[in-house]
Amino acid sequence: MELDPERLPRHVAIIMDGNGRWARRRGLPRFFGHREGVKTAKRIITKACEIPIPVLTLYAFSRENWQRPREEIAVLMDLLRDYLRSELPVMLEKGIRFRIIGERERFPQDIQEMIARCEEETASGHRMTLVLALSYGSRAEIVRAARLLAQAVREGRISPEEIDETLFSGFLYTADLPDPDLLIRTSGEKRLSNFLLYQCAYTEFYFTPVLWPDFTEEEFLKALADYQRRERRFGRI
Ligand code: IPE
Ligand code: IPE
Ligand code: MG
């Protein structure tokens, strides 16, 4: 598939959905779907890095996902541990800068430490920024930004008149990242599920029925090609 190198998205965000259904269709426990899902994520990260896509954000765990059964959460935490442990050298080798967005303080201490280590050691990665959304919820992110802003005003560091979109977005987790140009959601669901509500004001959406474990590099290229055929008007004519 031919992509126009001049019109690549600067930031692609993906809602990796459908792991549970993938497993169920095979008569397997949901865990197997999550394990396959991690493999897919690794393949897509490698592909994005090759293209390269400057920023790739993957929705890995939502705030709402804490409401899942304890056993499933435990499985997801173990997969996250394995991922962070095995991928740090890979990220360093590929020149990937790793960071997370979301409520890092809600994770077990050892995972928090692994996240911090990955962020620190990969900080000078220049090829691609990989953002994992972990315990991420967009409304909570916006409310947090409002709280931080209110504190800054109370302490006299900012005056209310100064608050504009640029200043506000500086208080979001995504402060230093461009808005997503393209958002992909797998598994046929057509909703945002509390993902990047503020940042997706002018994002192009791509929905595919393919379940995340089945999402191949080819499917990824298809989404990018579809994006390149679109005309983005940003309110102009
Ligand atoms: C996405 O797959 C992974 C996470 C939310 C962690 P799901 O687990 O939501 O899979 P389905 O939607 O039940 O098929
Ligand atoms: C969104 O998927 C969150 C992630 C992919 C991590 P969900 O499966 O949790 O979303 P809903 O519940 O179908 O909206
Ligand atoms: Mg789901």
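The values are calculated or read from the model by the stated rules, or taken from the named source; none is laboratory data. This structure is a prediction, so every number in the text was calculated from the model and none was measured. Note that each Cβ is placed from the backbone with ideal geometry, even for glycine, and that neighbours are counted across all protein chains shown. SASA here: full protein model, heavy atoms, side chains in, ligands and nucleic acids out. Shrake-Rupley method; radii C 1.70, N 1.55, O 1.52, S 1.80 Å.
One table, with the values for the structure above:
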quantity: Tally of residues being free of Cβ contacts under 8 Å to residues at least 12 places away in the same chain and closer than 16 Å to Val12 by Cβ across the stretch 220-237; calculated: 1
quantity: Those residues of the stretch 189-203 which are at positive phi and either open to solvent by 70 Å² or more (accessible area, probe 1.4 Å) or within 16 Å of ligand 3 (Cβ to nearest atom) (or both), in sequence order; calculated: Ser193, Asn194
quantity: Residue match in the stretch 220-232 (condition: part of a loop (DSSP other than H, G, I, E, B), under 23 Å from His34 (Cα atoms) and at pLDDT 95 or above); calculated: no
quantity: Selection within the stretch 9-20 - near ligand 1 (Cβ under 8 Å from one of its atoms), over 14 Å from the mean Cα position of the chain (by Cα) and under 25 Å from Arg230 (Cβ atoms); calculated: Gly18
quantity: Among the candidates Glu2, Glu6, Glu50, residue that is modelled with pLDDT under 95, open to solvent by 50 Å² or more (accessible area, probe 1.4 Å) and under 26 Å from Gln228 (Cα atoms); calculated: Glu2
quantity: Residue in the stretch 21-47 that is nearest to Ala60 (Cα to Cα), counting only those that are open to solvent by less than 10 Å² (accessible area, probe 1.4 Å) and near ligand 1 (Cβ under 9 Å from one of its atoms); calculated: Gly37
quantity: Filtered residue count, the stretch 7-64, keeping only those that are in a strand (DSSP E or B), among the polar types (S, T, N, Q) and more than 13 Å from ligand 3 (Cβ to nearest atom); calculated: 1
quantity: Residue count for the stretch 44-89, restricted to those that are touching a residue at least 12 places away in the same chain (Cβ under 8 Å), away from ligand 2 (no atom under 16 Å from the Cβ) and under 23 Å from Leu177 (Cβ atoms); calculated: 12
quantity: Residue within the stretch 204-214 that is farther than 16 Å from His11 by Cα, part of a loop (DSSP other than H, G, I, E, B) and open to solvent by 40 Å² or more (accessible area, probe 1.4 Å) present; calculated: yes
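A quick yes/no check of all residues on (1) under 21 Å from Phe31 (Cα atoms); (2) in contact with a strand residue (DSSP E or B) (Cβ under 7 Å, 6 or more places away or on another chain):
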{"position": "Ile73", "(1), (2)": "yes, no"}
{"position": "Leu79", "(1), (2)": "yes, no"}
{"position": "Leu84", "(1), (2)": "yes, no"}
{"position": "Ile100", "(1), (2)": "no, yes"}
{"position": "Ala116", "(1), (2)": "no, no"}
{"position": "Arg127", "(1), (2)": "no, yes"}
{"position": "Leu134", "(1), (2)": "yes, yes"}
{"position": "Arg154", "(1), (2)": "no, no"}
